Structures are given as structure tokens and as C-alpha cells.
Amino acid sequence: HKEQNRYKMAQTWINKRQTQYEQNLNYAKKLLANIDLESKNISKVICAILFWAEGNKNFSHIRFTNSDPMMIQTFINYLRQGYNLDETKFRACIHLHEYHDPKEIHEYWSKITQIPLNKFRKAYLKPHTGIRKKDNYKGCVTIYYFDSLIAHELEALYNALAIS
């Protein structure tokens, strides 16, 4: 009887969280429906915010690192949408564990980023500590785009946002 009550309580909390998530998602969709996310200026601002959070602050080029494919794809999409880019200036480098299949992971990130495989540097292999192995973990990717003017513009944008 005690186990049954715990199960019911857990289900109640799961349902509450799901309902709250759906309400938040609907609110977010309504809010974003009023913003032109395809505008060059909005794309640049979104890109700058992501760069501020996850980018390297070297500014001789753009370097953005993450293991979340949605984050990587969003950054690259807004970068491409906001700027007229020379696709030959992209490079990528993957950090893998020894248990990964480098060919499979390179193909995965190439598909996510739309950067050709010949623009990927040799993967950095991290030794496996043996402590844990994350299923479905595709490593961490660093995206490079070699344009200091865009890097400085992204810096200016996020600094202007921070000040305002």
C-alpha cells in the first residue's frame, strides 16, 4: 500500500511538471511569434549572446565550443543567417574519448554543422578514465570561423547588451 501511494505521488509530480513545461513552451512560442527570428539584426544579437556564453574571447577569429548539437546548430544557423559568410573559412575540431568511433562522430558533426568533412581537423582524443561512459555522447565540437571583423562585432553586440 505504501509503494502504491509513492507511485501515485510520483505520477502526480510528473504530470504537474509536464503540464508546467507545456504551459511554458506555449508562452515561449507566443512570445517568439512576435519576433522576426529571420531578421539579420535579430540573428546577429542571438548569435552574439550565444558567443558571449560559449565562445572564445580571442577575437582574431570566432571559436565556439559545445557538446550540445542543438546549441551548435543554433549558433551556426544564426551566424549564417546574420552574416554573409565565406563557407571556406569554417573549420571544426572534435574532442573524443577513446571509446568513440572517430569516423562516425565526424560524420555526425558534419551533418549537424553542414561543414564538410575535409574542413575538420584531426580529432583530439581524450584518454578514457574508465569511470563512466556516456551513452549517446557525441563528443565536444569546436567550430572555428576565421573572420576577426565578425568576432569583434559579436563582442560589441554582447557588450552593448550587457551595458543597456
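The values are calculated or read from the model by the stated rules, or taken from the named source; none is laboratory data. If you're wondering where the values come from, they're calculated on a predicted model, not measured in any experiment. All Cβ positions, glycine included, derive from the backbone under ideal geometry; neighbour counts span all protein chains shown. Note: accessible area is taken over every heavy atom of the protein model, side chains too, but ligands, DNA and RNA are not part of it. Shrake-Rupley method; radii C 1.70, N 1.55, O 1.52, S 1.80 Å.
Data overview
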| item | result |
| --- | --- |
| Residues of region 37-55 classified as surrounded by fewer than 19 Cβ atoms within 10 Å (Cβ to Cβ) and small (Gly, Ala, Ser), total | 2 |
| Selection status of Asn58, of a type outside the set (Phe, Trp, Tyr), part of a helix (DSSP H, G or I), surrounded by 10 or more Cβ atoms within 10 Å (Cβ to Cβ) and at pLDDT below 95 | no |
| Criterion (of a type in the set (S, T, N, Q), modelled with pLDDT of 95 or more and open to solvent by 90 Å² or more (accessible area, probe 1.4 Å)) met by exactly one of Asn34, Asn84 | Asn84 |
| Selected residue [touching a strand residue (DSSP E or B) at 6+ places or on another chain (Cβ under 6 Å) and open to solvent by 70 Å² or more (accessible area, probe 1.4 Å)] from Leu96, Leu125 | Leu125 |
| Matching residues in region 140-164 - criterion: being closer than 11 Å to Arg63 by Cα and either crowded, with 20+ Cβ neighbours inside 10 Å or modelled with pLDDT under 95 (or both) | Val141, Ile143, Tyr145, Ala151 |
| Lone qualifier among Ile112, Ile105, Ile76 - being of a type outside the set (S, T, N, Q), in a helix (DSSP H, G or I), surrounded by 16 or more Cβ atoms within 10 Å (Cβ to Cβ) and at pLDDT below 95 | Ile105 |
| Conditions (1) open to solvent by less than 40 Å² (accessible area, probe 1.4 Å); (2) at pLDDT 95 or above; number of the one not met by Met71 | (1) |
| Arg63, sole failed condition from (1) within 30 Å of Lys134 (Cβ to Cβ); (2) of a type in the set (Lys, Arg); (3) exposed (fewer than 15 other Cβ atoms within 10 Å of the Cβ) | (3) |
